[in-house]
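The values are calculated or read from the model by the stated rules, or taken from the named source; none is laboratory data. Computed from a prediction, not measured in an experiment: that's the story for all the values here. Cβ coordinates were reconstructed from backbone atoms using ideal geometry, including for glycine residues, and neighbour counts include every protein chain displayed. For the accessible areas, the whole protein counts, side chains as well, though only heavy atoms, and no ligand, DNA or RNA atoms are used. Shrake-Rupley method; radii C 1.70, N 1.55, O 1.52, S 1.80 Å.
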Amino acid sequence: MPSEIYKKIVGNSIYTLIRRVIILPIGLAIVPIIIKFVGIEGYGVWIMIQTLLAYSSVMDMGLSPAITKYTAEYDGQGDHRKMIQIFNTLFVVYLFLFFILFLLAFVSKGLIVDTLVKPIHIPKETVSFVLIISVLVFCLTMVFSIYPSFLNGLQRMDVTNTVDSISSVIKFALSVLFLYFGWEIKGLVFAGGISCIIVIALYVYVSKRIAPYLTFNPFLFDLKTLREIWGFSVYGAMSNVVAMMHLQFDKLIVNYFLGVNSLALYDIAHRLVSFLWGLCGSFVVPIMPAISKIHASDGIEKSREVFQTVFRYTSLIVCPLFLFVSAFADTLIVAWLGNGYENAVSILRILSVAYMMNILCGPVTSVLTGVGSYKIPFYGGVVASVATVLFCPMLSIKFGLSGCAIGVLLAFILSDTFLFFWLQRLFNISSLFRVVCRSIGFPVAVSMIIFSVSHILIGHFFSNRYTGLILASITLLIVCGVIIYKDRNYRVVWQSLSAVR
């Protein structure tokens with residue numbers, strides 16, 4: 001079982017990583033294209049609408065992770081009847097939430113545009129239209145997210161990541177096409193709507209192929225089944241709320257205190273680090289369903305072993321990447337967008353460190369959720385949210401954009417400390433702190449030394465932005481090579497990769 005579970009985690013991580021590699025250049029390329037066709041204000045308005053939609057994800061009520069968790073458990077027990085019952089029960093709940101969210105958005109669209117989006121030169125009617133269509137697309141995505149959640153529970157992330165990759169490519173191509181024809185931000189929302197419809201059709205098709213026993217029948221709604229998972233879902237829902245507070249609240253603060261143009265600059269740095277966060281999250285996403293399955297069959301001891309192994313290799317991969325972005329933030333921004341965006345450099349440096357700490361805590365959250373201690377990640381999110389609400393407004397007023405980023409960093413430090421403390425209590429081991437230090441100590445030290453020296457030398461001797469980027473990338477490869485050479489246990493990773501192939 002241990003070797004099988006590691007192969008599952010590594011295999012699903014690879015497929016998630018491939019999707020991230022595909023969407024990373026797409027996400028980076030679309031930013032200058034949008035700015036070119038709609039301007040910095042249009043980009044800021046679009047980002048503000050997307051931020052509001054991110055807050056709307058609290059309407060998920062924690063159902064997506066519940067579907068994944070309980071599908072994995074019942075699949076381990078071979079109970080297809082319960083899997084079908086959960087699927088149809090939660091589909092009905094999603095439909096109900098769909099109508100509530102869309103009705104609220106439609107009724108209050110004027111208030112939202114006037115108080116939160118606050119366009120300067122773009123007509124409010126255009127912004128209202130984009131807002132409503134965006135909410136409609138978001139609602140459809142939310143309802144049919146039950147299919148990828150179900151497939152993730154079956155640990156078929158190869159399928160979900162393939163479909164998501166196709167969606168990203170289609171959405172990018174349509175966005176560029178519609179922007180070229182002068183549809184401005186309306187073109188962006190139409191591109192999202194068309195890609196959403198295509199993705200829904202694909203998920204319905206592949207789910208039926210993979211799980212022919214899956215029956216779509218809303219009349220199988222069962223109140224007893226809903227009550228069974230209610231405890232998990234409630235904390236999942238509250239976790240979504242607090243996650244939005246500390247992952248998206250910073251953008252609201254920037255928009256409110258510093259304006260939509262400052263939000264656009266902040267999002268440039270935030271977008272780059274978010275892509276890297278998602279890329280490294282590829283190694284974390286498969287942990288929760290894998291832990292749920294192994295905890296149900298082998299208990300807490302095996303779960304502890306899996307955590308220590310996964311955290312070690314996550315650290316070896318994550319630390320060099322985030323510290324590279326922090327050290328070469330100026331080189332990356334200039335090579336990506338050119339001059340004129342220097343204010344985003346300091347934000348990127350700070351957010352890179354903050355999100356590195358956050359992604360390192362990903363295995364902790366996944367293990368706690370997988371073994372049933374889902375209340376602890378929720379309370380960790382509360383700690384981060386309260387800290388974000390306290391620090392970000394105050395520091396933004398005092399230090400501007402950099403102050404908001406510092407507030408995010410402080411919030412993550414407090415939250416991660418809380419979660420590691422409770423994981424130590426769950427595993428009943430006193431050496432967890434030493435395990436963490438041994439895992440991150442060497443990659444952090446090597447990365448900081450080599451990147452700092454290289455940044456100084458490259459900045460002093462090379463002025464061309466693309467030459468600097470190439471040399472910086474070579475430095476990253478050198479750091480990764482040193483880490484691999486030092487930690488010969490990397491051969492376990494390569495053996496797992498070979499097994500997946």
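Split the accessible area of the stretch 293-368 by element, probe 1.4 Å, and carbon with sulfur accounts for 54%.
For the stretch 343-399, the average shadow cast by the Cα convex hull is 4.4 nm², which is a quarter of the hull's surface. If R0 is 30 Å, the Cβ-Cβ spacing of Ile449 and Asn343 corresponds to a FRET efficiency of close to 0.60. Measuring only protein heavy atoms, the 1.4 Å probe finds Ile350 accessible over about 40 Å².
Put the Cα centre of the stretch 465-485 next to the Cα centre of the stretch 88-165 and the gap is 40 Å. Across the stretch 308-318, coupling constants 3J(HN,Hα) worked out from phi with the 6.51/-1.76/1.60 Karplus curve, θ = phi - 60°, read 4, 5, 5, 5, 4, 6, 4, 5, 5, 8, 6 Hz, and Gly and Pro carry x.
Rounded to the nearest whole Hz, the Karplus-based 3J(HN,Hα) values (6.51 cos²θ - 1.76 cosθ + 1.60, θ = phi - 60°) of the stretch 417-424 follow the sequence 4, 4, 5, 5, 4, 6, 5, 4, with x at glycine and proline.
Taking all protein chains as they are arranged and a probe of 1.4 Å, the heavy atoms of Ile413 leave approximately 60 Å² accessible to solvent.
Hey, which of these cross-link pairs are over 18 Å Cα-Cα: Lys186/Lys251; Lys109/Lys171; Lys109/Lys186; Lys69/Lys171; Lys82/Lys375?
Lys186/Lys251; Lys109/Lys171; Lys69/Lys171; Lys82/Lys375
Evaluate E = 1/(1 + (r/R0)^6) for Leu103 and Leu414, where r is the Cβ-Cβ distance and R0 equals 45 Å; express this FRET efficiency to the nearest 0.05. Calculated value: 0.75. Taking 19 Å as the straight-line reach from the Cα of Lys302, the aspartates and glutamates in range (excluding those fewer than 8 positions away in the same chain) are Glu4, Glu73.
Once the 1.4 Å probe is applied to the protein heavy atoms, the stretch 323-431 comes out at 37 Å² accessible per residue.
With 27 Å as the limit, write out which pairs from Lys36/Lys124; Lys36/Lys398; Lys118/Lys398 have Cα-Cα distances beyond it, or answer none.
Beyond 27 Å between Cα atoms: Lys36/Lys398.
Bridging of Lys486 to lysines at a Cα separation below 24 Å is possible for Lys7, once same-chain residues fewer than 8 apart are set aside. Stokes-Einstein diffusion of the stretch 298-419 at 4 °C, 1.567 mPa s viscosity, Kirkwood radius from Cα pairs, rounded to a whole number: 82 µm²/s. Of the trypsin sites (Lys or Arg not before Pro) found in the stretch 439-488, those in coil by DSSP whose Cβ has at most 10 other Cβ atoms within 10 Å are Arg488. For the set Val353, Val367, the ranking by accessible area, highest first and with no ligand, DNA or RNA atoms included, is Val353, Val367 under a 1.4 Å probe.
Taking all protein chains as shown and a probe of 1.4 angstrom, Glu305 keeps an accessible surface of around 70 Å².
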